[in-house]
Amino acid sequence: MTVQMTDPNVPVLSLRDVVKTYGEGDSAVHALAGVSLDVNAGEMVAVMGTSGSGKSTLLTIAGGLLAATSGTVSVGGVELGRLRVKGLARIRRERIGFVFQDFNLLPSLTVLENVALPLDLAGQSAAGSRSDARRALAVVGLRGRGASYPDDLSGGQRQRVAIARAIVGRRRLVLADEPTGALDSVTGDTVLQVLRERADEGAAVVLVTHDARHAAWADRIVYIADGRIIDEASSARPEQLLSGGAR
Ligand code: ADP
Ligand code: MG
């Protein structure tokens with residue numbers, strides 16, 4: 001078991017006044033201009049905004065893949081900026097699942113090996129990581145496809161493998177950057193459903209999306225423009241819309 005118990009009163013993800021500037025001088029791009037955001041266990045937050053507004057930068061910094069220019073990022077109460085390379089890598093492996101826009105699957109590994117990789121890297125036994133990976137593949141509707149290679153799959157199936165890799169081993173923070181971008185709407189709904197279930201099971205989920213229909217699966221929607229949060233709304237979940245209940 002690689003997941004550590006954390007204090008339920010501490011947000012799984014906490015960003016404070018996060019600034020990110022790419023480059024310097026005349027060519028500097030202010031991608032994030034002071035973003036603060038908390039995401040609690042059991043909560044799914046959708047981030048919406050136009051292209052270039054800073055959504056991917058926000059997610060990459062939240063996942064510890066990129067350092068903020070200033071401000072702090074904490075995952076489970078641990079401030080990422082204070083960690084050394086090894087400690088940061090460990091937090092990323094053990095606590096954070098990332099779904100990239102371009103899937104980022106390794107073509108030379110089988111589907112099962114791709115999904116099991118984070119657990120293998122975290123030092124889990126091969127048998128344990130394979131069985132967890134099989135379970136994650138079943139969740140995304142790819143039971144029995146573990147021996148295939150990414151190149152043998154359709155775009156939608158590959159995206160579901162990427163989702164399986166992000167949820168395997170029950171990591172507490174799941175970050176997904178437009179995970180339904182290339183998918184037909186049926187596959188897209190499956191992906192959303194899986195992310196929603198992970199939140200209902202206690203993970204914190206941050207989803208970047210263009211699609212208001214997808215954002216409706218979240219508990220909260222955060223709107224970002226020019227690197228700032230400009231608005232926030234609670235979202236009525238689809239089943240509550242159907243039953244006429246407000247959240
Ligand atoms: P979004 O995901 O909302 O489309 P991004 O976070 O990708 O926005 O980009 C925010 C801004 O930062 C854009 O102006 C983009 O051109 C710029 N940007 C993103 N990545 C880099 C980078 N590696 N170097 C320089 N500028 C970047
Ligand atoms: Mg983006």
Inter-probe distance in nm under a simple model that places probes 7 Å from Cα toward Cβ, at residue 189 and residue 89 | 4.3 nm
Square roots of five times the Cα gyration tensor eigenvalues for the chain, Å = 27, 22, 18
Most to least packed among 39-48, 156-165 [average Cβ atoms within 10 Å] | 156-165, 39-48
Interchain or sequence-distant (5+) residues whose placed amide H lies within less than 5 Å of the amide H of residue 38 are 15
Whether the stretch 42-120 is rounded, prolate or oblate, judged on the alpha carbon gyration tensor where a/c under 1.5 counts as rounded = oblate
Go through 86, 55 and list them by solvent-accessible area, largest first, probe radius 1.4 Å.
-> 86, 55
In whole Hz, the Karplus estimates of ³J(HN,Hα) for the stretch 35-51 (6.51, -1.76, 1.60; θ = phi - 60°; x where Gly or Pro) are 10, 10, 7, 10, 10, 8, 4, x, 10, 10, 10, 9, 10, 10, x, 6, 4
Along the principal axes of its C-alpha atoms, what lengths does the stretch 78-145 span, in descending order and rounded to whole Å?
-> 42, 29, 23
Considering amide H positions built from the backbone, and no H for Pro or chain starts, which residues 5 or more places from residue 97, or on another chain, come under 5 Å of its amide H?
-> 173, 174, 175
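The values are calculated or read from the model by the stated rules, or taken from the named source; none is laboratory data. Please read these numbers as outputs of a predicted model, since none were measured by experiment. Please note: Cβ atoms are built from the backbone with ideal geometry, for glycine as well, and neighbour counts cover all protein chains shown. For the accessible areas, the whole protein counts, side chains as well, though only heavy atoms, and no ligand, DNA or RNA atoms are used. Shrake-Rupley method; radii C 1.70, N 1.55, O 1.52, S 1.80 Å.
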